[in-house]
1. Counting only residues 5 or more places away or on other chains, whose amide H sits under 5 Å from the amide H of Val420 once H atoms are built in the peptide plane?
2. Going by amide H atoms built from the backbone, whose H comes under 5 Å of the H on Ala134, apart from near neighbours?
3. Can you give the % of DSSP beta bridges in the chain that are antiparallel, to the nearest 5?
4. Rounded to the nearest 0.05, what FRET efficiency do Asp413 and Asp92 give with R0 = 22 Å and r taken as the Cβ-Cβ distance? Could you check?
5. Would you kindly derive the ³J(HN,Hα) couplings of the range 327-339 from the backbone phi angles with the Karplus curve 6.51 cos²θ - 1.76 cosθ + 1.60 (θ = phi - 60°), listing them in order in whole Hz, with x for Gly and Pro?
6. Going by average Cβ density within 10 Å per residue, which order do the peptides 186-193, 62-69, 417-424 take, highest to lowest?
7. Magnitude of the Cβ-charge dipole of the chain, K/R +1 and D/E -1, about the Cα centre, nearest 20 debye?
8. Given +1 on the Cβ of Lys and Arg, -1 on the Cβ of Asp and Glu, and no further charges, what dipole in debye does the range 237-374 carry about its Cα centre, rounded to the nearest 20?
Amino acid sequence: MQPSATKCARTRLSPGGPRLRTLLLIALACGILARLARYWLNFPLWGDEAFVAVDFLARGFAEMLEPLTYRQIVPIGYMWATLGVTLVAGLDEHALRLLPTAAGIAALWLFWRFCRTQVDTRSALLALALLAPAYYPIRHAVECKPYSTDLLVALWLLLTAASVLKRPQSPIGWILLAIGAALAPWCSYPSAFLLAGIVSTLAICRLRSWNSANWLAIASIGAIALASFTWMYFAYARPHAAAAVGITATQMWDESFPPIRKPWLLPWWLISTHVGNLVAYPVGAKNGGSILTATLIVIGAVRLWRTNRPLLVLLLSALPFNLVAAALEKYPYGSTVRTSMYLAPSFCLLAGVGLLTALRAWLRPAARRRGVQLAAMGLCAIAPVLIVMDAITPYKKRANFEARRAIRALAEDIRPNDRVIVLNALQPGGELPFIQPWRGDGAQFIYYLSLFVEPKLRSAGEALAPDTRALDPQRGRILWAPPAAAVRDAHGTTWALFFGGAEFEKHFDGGSMEAHVAALSEKLGTAERSTHVLQRKRDRSGTELNWQTIEVYRFGADDAADNAAAAGRGS
C-alpha cells in the first residue's frame, strides 16, 4: 500500500482533479495547437517578415553572406536553414515559416525538460503553463524571423549548462555545451549574452569546488564561444551591420536603451522596462502591463536565492551583458519581447516558482493542490482564446491581408502571354520611384508579385538558368520600372501596376507618374484603370484618404477580348 499511495501523491494535484501528467499534456497540447493553428491560418507576411522573405526569392547560399536587400541583420545559420527548406518545400509562406514553427514547438519540449530537472514538478508545470500559451512566443514562432530559434538555442545552452553545474564530472554535459558554444553565435545573436553569462556562472558558482580539469573545461568553453563569436562577427555580422541603417537611427528602439545621457531618468527606465514587454508572459504590455508577472518573477527569485542560488545566477546571468550592450546602443533591451525571446525560459521558470510560492502562502494546506490545478488550467485557457482571435483576424495588419488578396486575384486574370509592368523600381536612380522607402509594405508587394504573378508568366516562356533562384525579381518575366521609351507595342494585354497611396506621396511625384502612364497609353492604347484600396485613413481635417492602394492599368483589353472571341469561334 505504501508505494501505491506515494505514486498517487506524485501523479495527482488534488484528490478529485486531473493527474499531473494530464495537466502537463494539456499545457503542451495547448501550446502546440496554438502554434499549428496560426501556421495553418497562413497569415499574410507583414513588413518585418517581408524584409527577410524577399532575399529567399533571389539568393543562393553564397549570396546570403552579402548584406541583405533591406539591410536586415539576421543570423546566417537561420538564413541558410530556411533557404534549405525553400529549396525542398517552395517559397510560399508555409515554407518560410516551417523552421520557426518547428523551433517553437521543439522549444516547449526542451523547456519542460529543463524545468523538470531544475525545480519541483508543480513549479515546472506552472512554468510550462506560463510559456506554452503565451501570446508573443506563439506569434513569433510563426513568423519568418529568427526569434523562435533564439528561444530554442537559449534552451539548449541553459539545459547543457545546468547539467554541467549538477554533474561536472560527466563529460557529456561539457561536450554538448562546447557544441552549443561553437554553433550558437551563428544561429542566434543574443546567445552571446547567454554564453557570457554561462561561463561567468560556471566560474562563480563552483569557485572553490572545481578541480583543474573543470577549470580547463571552463576556459575551453569560453575560448570556443569567443572564437566562434569573433569569427561570425567579422566574417558576417559586421559587414551586414555596416550596410544597415542601424538601430540607433530608428525611433522605435529609443526606449530600448538606458538613458545614460540623462541619468536622473535611469531609475524610472529600469522600473518601467522590467514591468513592461520584457516580461510579457503569458500576456503583458508596456507601461506596467506586465507587473503581475514581474512580481511573480521577484518572488521566484527570492525563493531560489534561498534554495538554489546557482540556478538563479544561471537564469539571470545574461541580463547584465544585455544591459551593457544596450547602454552602448548595440542591442535593444526590454522594449519588445521578440528581441528578448532568449530570456523567456528564465522569466517563465522564475514566475512558475513564484506562482507556486504565492499559492502556498495564500492558500490553506488543503486547498493548495487545487489552487495549482486551477492556476495551470486557467493559464492554459489563454491558448484557445488566442486561437479564436487569430481565426477572426488572420492578419497582423489589414492592409497586408488586402494586398495579398488583390495580387492573388490579379494573378488569376493574367494569362501566360500577357505582359506585366511594375511602375515601382527595384533600384534607385531611374525615372520611376524606388520602392525601398515603402519599407515592409513594398517588400510584401515584391514578394507576392513574385509568388503569384511570376509563375503565371513563366509558364509561357523559357526557364531561367539553373543557377538563378526561381522567383528572382531582377531576372524574372515581370518588368520592373522599364522606361516608357523602352516599352514596345505588343498584341495582347499589358498590365501596369503601381503600389502607392497617400502614405507614400512624399516618395513620388503624382504628375510625373501620370505622364509616364500617358506615354504608355500613346504606345499601347487607352488603359482601363482600377484601384485596389488596401487601407483608408482620415487626416486631421477628417477627410478620408486612400492611404495605401494598388493601381492597375490594363492596356489592350479589347484586343484580348477579340482574340478570345476569335478563338472561341474557331473551336
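1. It is Leu479, Trp495, by chain and number.
2. Correct list: empty.
3. 75 percent
4. It comes to 0.60.
5. Calculated HN-Hα couplings, in order: 4, 8, 6, 9, 8, x, 9, x, 6, 9, 6, 4, 6 Hz.
6. Most protected by this proxy first, the peptides run 186-193, 417-424, 62-69.
7. Approximately 3800 debye in magnitude.
8. Details: 14 positive and 3 negative charges, 140 e Å.
The dipole of the range 237-374 has a size of about 680 debye.
Coordinate-derived values only; no laboratory data. All of these numbers come straight from a predicted model, not from anything done at the bench. Please note: Cβ atoms are built from the backbone with ideal geometry, for glycine as well, and neighbour counts cover all protein chains shown.
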